[in-house]
Amino acid sequence: MKKPIIIALDFDTEQAALSLLEQVDPGLCRVKIGKELFTACGPQFVHRVVKEGFDVFLDLKFHDIPNTVSAAVMRAADLGVWMINLHASGGLGMMEQARQSLERVGEERPLLIAVTVLTSLVKQDLVAIGLNCEPQDQVLRLADLARKARLDGVVCSATETAFLRHETGQDFLLVTPGIRRPEDASGDQRRVTGPAEAMANGSDFLVVGRPITRASSPRQALQDFITATSG
Ligand code: C5P
């Protein structure tokens, strides 16, 4: 089973995260641990979630010199996580070195994906940091660079999925947040896409937070998302 749903564990305590994990089956979903939960609970907690049987996407978005990033991804691999990410804007050398280090882990290595342009940035923000281009052009440039570094894929917004899938071909993972069913509140997400549409546009994995974690029944909400993506 492909298990396309990755639940974002955006919690500030171990207890809150564990209470959600008790309600969902690791055979049906994967989970994402980001900077908040990692900073609050540490690597031991990541290891514990892995031990519970969950595939963990460790969303720490590494961005540093190649030596530091490749060492950090190896420590993430030690924790047994399923997927790790870094910023493609750290450059080709940084991405290549991280990927080469992970290859030493062997077949069981975590997947390594890149963040291209944060979806919180608009054209004006790119200009202010010296990038005089449309966000979409920069997304494509960095996705191409990630492919050249032989990374496994990129995180992308659902609005970028269709054109990225067209540009990158099939053997490149597209991991997409900003997913909502019609009945879900969009929260702070400005552009949202339904689960079926995101899959149809070429996403491989959907990152879903609040529509599942804040649902009255997370188990039922997860089942709804699974049904919507398996059509
Ligand atoms: O609650 P919600 O479904 O909006 O959670 C989405 C998750 O995906 C959060 O962990 C958020 O940080 C992450 N994310 C995002 N947009 C991006 C990249 C990551 O919402 N462009």
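Annotation: lysines with alpha-carbon distance below 22 angstrom to K35 (same-chain offsets under eight excluded): K51, K61.
Here the stretch 89-185 is assigned +1 on the Cβ of each Lys and Arg and -1 on the Cβ of each Asp and Glu. Its dipole about the Cα centre then comes out at about 120 debye. Any number yet on Rg/Rh for the chain, C-alpha, Kirkwood? Expressed as Rg/Rh, it is 0.95.
Using θ = phi - 60° in the Karplus curve 6.51 cos²θ - 1.76 cosθ + 1.60, the 3J(HN,Hα) couplings for the stretch 145-158 round to 5, 5, 5, 4, 7, 6, 6, 8, x, 9, 8, 8, 6, 4 Hz; x is entered for Gly and Pro.
Using the Cβ-Cβ distance between T68 and R181 with R0 set to 45 Å, the FRET efficiency from 1/(1 + (r/R0)^6) comes to roughly 0.65. What the Cβ-Cβ distance of I129 and E103 gives, at R0 = 41 Å and to the nearest 0.05, is a FRET efficiency of 0.80. As a calculated quantity, the FRET efficiency between E22 and K2 at R0 = 35 Å, using C-beta atoms, amounts to about 0.90. Computed over the chain, relative contact order equals 19 percent, with contacts defined as Cα pairs under 8 Å that lie 6+ residues apart.
Quick check: from the Cα gyration tensor, does the stretch 44-168 come out rounded (a/c under 1.5), prolate or oblate? Judged from the Cα gyration tensor, the stretch 44-168 comes out prolate (a/c at least 1.5, a/b above b/c).
Per-residue ellipticity at 222 nm, computed for the chain from helices alone with -39500 (n - 2.57) per DSSP H run of at least four residues, works out to -13000 deg cm²/dmol. Dipole check for the chain: with +1 at the C-beta of Lys and Arg, -1 at the C-beta of Asp and Glu, and the Cα centre as origin, the magnitude is about 80 Debye.
Taking the average, over residues, of other Cβ atoms within 10 Å as the packing measure, peptides 178-190, 143-155 rank 143-155, 178-190 from highest down. Prolate is the label for the stretch 1-78. Its Cα gyration tensor axes, ordered a ≥ b ≥ c, give a/c of at least 1.5 and a/b above b/c. One chain, two ends: R141 and T13. Fully extended at 0.36 nm per residue, the span grows by 42.3 nm beyond their Cα-Cα distance.
Read-outs: derived from the displayed coordinates by stated rules, not from any lab. Just so we're clear, the structure is a prediction, and the values are computed from it rather than from any experiment. Neighbour counts are summed over all protein chains in view; Cβ atoms, including those assigned to glycine, are modelled from backbone coordinates with ideal geometry.
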